[in-house]
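The values are calculated or read from the model by the stated rules, or taken from the named source; none is laboratory data. Predicted model, so just to flag it, every value in this text is computed and none were measured. Cβ placement follows ideal geometry from the backbone for every residue including glycine, while neighbour counts extend to all protein chains displayed.
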Amino acid sequence: MIKGFREFIAHGNVIDLAVAVVIGAAFSAVVTAIVESIINPLISLFWKADDNGNIGFTLHGLHGDVVFPVGNLITALISFLAIAVVVYFVFVYPMNRYKEHRAAKLAEGVTEEPEALPSEQELLVQIRDLLEKQKS
């Protein structure tokens, strides 16, 4: 179980998820501001807001008027769609393209992994051999 967790952390999935959550939260504030300052006024051209500022249609019920706040629903739908589009095109699509590109290279036998660097001992042996070669 610990090994699986280490692999999960090592592959960067946690970092990707954290970035997506942070960017999504930050972007949701921008989308909410756009919807409240542009979309809601456009909706209010067609539906009159009630005393509480709810935009929607009113039905006369047994106990008075009932407002169905369609504006809130439209705001939530637009916010969701805008955030989903940004997350897809900024995170999901590039990551899928990267994975496809990497899989194609691995299928060709080309690895992106750099060669392992020699150890200190191997470097010291190489230096010693070069020094001996220069002496002779």
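Taken over the stretch 56-94, residues that are surrounded by 11 or more Cβ atoms within 10 Å (Cβ to Cβ), within 19 Å of the chain's Cα centre (by Cα) and aromatic (Phe, Trp, Tyr) amount to 4. Report yes if some residue within the stretch 95-109 is modelled with pLDDT under 80, more than 16 Å from the chain's Cα centre (by Cα), loosely packed, with under 13 Cβ neighbours inside 10 Å and not charged (D, E, K, R); otherwise report no. Yes - at least one qualifying residue is present in the stretch 95-109.
Tallying residues that are aliphatic (A, V, I, L, M) and modelled with pLDDT under 80 within the stretch 58-75 yields 4.
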